[in-house]
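Quick notes on the structure that follows.
The values are calculated or read from the model by the stated rules, or taken from the named source; none is laboratory data. Quick caveat: nothing in here was measured; it's all calculated off a predicted structure. When we count neighbours, we look across all protein chains shown, and the Cβ atoms used for this are built from the backbone with ideal geometry, even at glycine.
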């Protein structure tokens with residue numbers, strides 16, 4: 001186990017270096033404002049559309065709008081997103097603070113491109129940022 005940890009400590013900086021210093025958490029900002037989850041995907045990076053998920057970690061019921069249509073595919077044939085991804089969200093019976101878990105898989109592009117393991121981020125937001133769904 002120690003050897004595996006040591007190898008990973010050597011491998012991760014090498015991957016970051018090969019990917020131009022891309023950090024899959026810091027370099028993909030996620031915001032939730034007025035019921036819209038927005039992700040800004042940096043230039044030279046794409047997200048695999050089929051691995052994107054938003055789940056409510058807190059109590060309540062989450063409703064998610066349609067995901068953006070993917071018009072491109074990567075080398076593996078997976079649908080991808082570039083630029084900005086926006087998804088409408090609404091919830092019932094929320095309490096503060098509200099926690100959302102966003103899962104996504106970023107890939108850097110180019111000759112030395114790297115696909116990272118799926119990233120799971122928990123966002124803590126105020127309940128007022130997620131409107132109640134219309135009947």
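Observations
- Looking across region 45-62, the residues that are surrounded by 13 or more Cβ atoms within 10 Å (Cβ to Cβ) and in a loop (DSSP other than H, G, I, E, B) come down to 52, 57, 58, 60.
- Here residue 18 meets each of (1) modelled with pLDDT of 95 or more; (2) over 30 Å from residue 133 (Cα atoms) with one exception, condition (1).
- Of the residues screened, residue 70 is one that is without any contact (Cβ under 8 Å) to a residue 24 or more places away in the chain and surrounded by 13 or more Cβ atoms within 10 Å (Cβ to Cβ).
- Among residues of region 107-129, those that are under 19 Å from residue 38 (Cβ atoms) and in a loop (DSSP other than H, G, I, E, B), counted: 1
- Looking across region 22-39 at every residue that is within 15 Å of residue 107 (Cβ to Cβ) and at pLDDT below 95, the one that is farthest from the chain's Cα centre (by Cα) is identified as 22.
- Here region 76-121 is the region considered, the condition is being surrounded by 13 or more Cβ atoms within 10 Å (Cβ to Cβ) and free of Cβ contacts under 8 Å to residues at least 40 places away in the same chain, and the residue that is nearest to residue 58 (Cα to Cα) is 94.
- Hey, residue 109 at pLDDT 90 or above and within 15 Å of residue 24 (Cβ to Cβ) or not: yes
- Applying the set (1) in a loop (DSSP other than H, G, I, E, B); (2) modelled with pLDDT under 95; (3) over 19 Å from residue 129 (Cα atoms) to residue 42 leaves exactly one unmet item: (2).
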